[in-house]
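Every number in this text was worked out from the coordinates using simple rules, so none of it is lab data. Only a predicted model underlies this, so the values are computations on that prediction, with no experimental measurement involved. Neighbour counts run over all protein chains shown; Cβ positions are idealised from the backbone, glycine included.
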Amino acid sequence: MSSLPRFTLPLPAADFLRDYWQRKPLLARGCASGLEIPDPDTLAGLALEDGVESRLIMGGQQGQHGETASWTQRHGPFDEDDFRTLPESHWTLLVQSVDYCLTEVSLLLDSFDFLPPWRLEDIMISYAVRGGSVGPHFDQYDVFLIQASGQRRWQLGPACDASTPLQPHDSLRLLADMPVQEEHLLGPGDVLYIPPGVAHWGIAEDDDCVTWSVGFRAPRRADLLARITDECLANMPEALFTDPGRDLPEDAAGLSDTDVDALTAQALGLVTPERARQALMQLLSEPRQSGPDFAGLDFEVDTGHIRAAAPEAVLVRHGSTRLLADAKGLWLNGEHVPLPDDSRSLGTYLASRRLYDAASLNQHAGTAGMELLNEWIEQGFFVSLE
C-alpha cells in the first residue's frame, strides 16, 4: 500500500523542544516511514538538471599506512558519464532542495508542525555507496537525519564554533580532529536529530545508503537587520534630526552621550512593529531557490501516488511553494496576496499544511478565494488531485 513520508517524535513535542531542541542530539529509532521515493536513479536524474544544486564528494578511505585519502568535491549539474566513471566505494551524491523538485517528498515537512513553518528550510537527500561520506563537520543549523534505505554509521563529537580547527580545504569545511563521544548505526526509518554546532560524521555501511536531511532556516542576524532597514527606508518621507529645548553642550569638542542617545532613538524610531513584520514576512516566505536558475514549478507532481496514499485529498501544495499567513492574507513565495474578509481563513488553512480536502477548502474559501486558488493552480503553486 502506498504511503506518504512521515516522521513522528518519540516523545511529546513540548518535551523535545524543552530538552533537546538546540541543546543535545536525539536518536529516534523507527520513527520515519514512506521514504521509498526517490530511489537512487531518480536522485541521479535530478543531479543532471540545470538549476538543481548537487554535489559529488569523494574521499575518506584509509590507506595501507593509516593515511586518509584526500577529499574532493564536484558541483553539478552532472552528465551520465560522470556517474559511469565513479569508483566502487567512498563517494556520495547530494541533491539539495529535493522537496522543491518532488512534491511528494515535501509532504514529510507536515510532520514537523511542532515548529513554526518559517523555521523549515528544505530537504537534502544523499545517496552513498560503501564508505561514502562528506567527512567530519558541523552545521550552523538544526538538522534531522532520516535513514531511508541501507545503513549509515554516525559518529558524534563535541560542540564546535568558528574557532574550531579545520582541515586545509578550499571548499569543504572539515574538522581537523573529531573526538568521538557517541556512535549510532542507523537503518531504514531511524532518525538522528543534530543541534547546531555539534560535530558529526556519517559513513555508509553498504551500497544502498539513502539519507534524507531536513534542514531548518536560521537567517543571519545581519540579513534580518538589513531587510528590516530596507523596508523602513522604502518610501520614507524626508525627516531631519530635531532637538528642541536642548541643554548647553556637555562636550565642547565631541559627541556627548546624551546626543548619541537622542540620535539613536530617532533613527530606531523608524523601525515600527508593523514595518518589521512586513519585512520579516517577506524574507521568511521567500523560497530557498527561485528565479530563472531554478525552474521548480516545471517538475511534474506524481498525483497518482499522492491520491493512492491520501484519497481524501483534492489539492496539494507544490513543493517549491512557500507560504506564511498574516491577518490580511497570505505571503506566497515572498509576495503578499490580500484576501477578502470571507476568505481570510483560507490563508491560514493553506499555510498550515500541504494536503487539502474538499470540505475544508469549501469552508475556508469564499467565491473570491476560490477564484484566487484557481489562478494559483494555473500558475503551478498548487496542483489539483482530482
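If you average the sequence gap of Cα pairs under 8 Å that are 6 or more apart and divide by the length of the chain, what percent do you get for the contact order?
Once divided by the residue count of the chain, the mean separation gives 17 percent.
Which loop GluC sites (Glu not before Pro) in the range 198-251, with loop taken from DSSP, have no more than 15 other Cβ atoms within 10 angstrom of their Cβ? Provide the component values of the computation, followed by the final result.
Numbers: sites: Glu205, Glu231, Glu238, Glu250; in loops: Glu205, Glu238, Glu250.
Filter output for the range 198-251: Glu238, Glu250.
For Ala368 and Asp342, compute 0.36 nm times the residue count separating them, minus their Cα-Cα distance, and round to one decimal in nm.
Net length gain for the segment: 8.5 nm.
Grab the beta carbon distance between Glu88 and Leu48, set R0 = 22 Å, and tell me the FRET efficiency rounded to 0.05. Numbers along the way, then the final one.
Working: r = 22 Å, r/R0 = 0.98.
Plugging the Cβ-Cβ distance into 1/(1 + (r/R0)^6) gives 0.55.
Say each of Ala276 and Arg29 gets a label point 7 Å from the Cα, pointing the same way as Cα to Cβ; how far apart are those two points in nm?
If labels sit at Ala276 and Arg29, their model points lie 4.6 nm apart.
Can you give me the relative contact order of the range 1-132 as a percent, contacts being Cα pairs under 8 Å and 6 or more apart? Each step should come with its number before you reach the end.
Details: 186 pairs, mean separation 36.3, N = 132.
Value for the range 1-132: 27 percent.
Which value, in debye to the nearest 20, gives the size of the charge dipole of the range 1-103 about its Cα centre, when Lys and Arg are +1 and Asp and Glu are -1 at the Cβ?
Working: 8 positive and 15 negative charges, 155 e Å.
I would put it at about 740 debye.
Calculate I(q)/I(0) for the range 168-247 by the Debye formula, one identical point scatterer on each C-alpha and no solvent, and give its log10 at q = 0.26 Å⁻¹ to two decimals.
-1.35
Can you tell me, using C-alpha contacts under 8 Å and at least 6 residues apart, the relative contact order of the range 312-384 as a whole percent?
This gives 39 percent for the range 312-384.
Quick one: P(r) of the range 88-187 from all Cα-Cα pairs, 10 Å bins, percents rounded to integers, in order of increasing distance.
Reading upward from the zero bin: 12, 38, 38, 12, 0.
List the pair-distance distribution P(r) of the range 221-271, using every Cα-Cα distance, as the percent of pairs falling in each 10 Å bin from 0 up to the bin containing the longest distance, rounded to whole percents.
Once binned at 10 Å, the Cα pair distances of the range 221-271 give 20, 41, 26, 13.
Taking 2.2 N^0.38 Å as the expected size of a compact globular protein, what ratio does the Cα radius of gyration of the chain give against it, to two decimals?
Rg over 2.2 N^0.38 Å, computed on Cα atoms: 1.16.
Between Ala252 and Asp207, how many nm apart are label points set 7 Å from Cα along the C-beta direction?
In this crude label model, Ala252 to Asp207 measures out at 8.7 nm.
Karplus couplings for the range 331-337 from phi (6.51 cos²θ - 1.76 cosθ + 1.60, θ = phi - 60°), rounded to Hz, Gly and Pro as x?
Computed from phi, the couplings for the range 331-337 are 9, 10, 6, x, 10, 8, 10 Hz.
I'd like the distance separating the alpha-carbon centroids of the range 185-259 and the range 78-141, in whole Å.
24 Å
Residue farthest toward the positive end of the dipole of the chain, with Cβ of Lys/Arg at +1 and Asp/Glu at -1: which of Leu233, Leu9, Leu350?
With unit charges placed on the Cβ atoms, the residue in question is Leu9.
Could you state the per residue volume, in Å³, of the convex hull enclosing the Cα atoms of the range 312-384?
Details: hull volume 5.4 nm³, N = 73.
Cα-based convex hull of the range 312-384, divided per residue, equals 74 Å³.
Percent of alpha carbon pairs in the range 6-216 separated by more than 26 Å?
When every Cα pair of the range 6-216 is considered, 32 percent fall beyond 26 Å.
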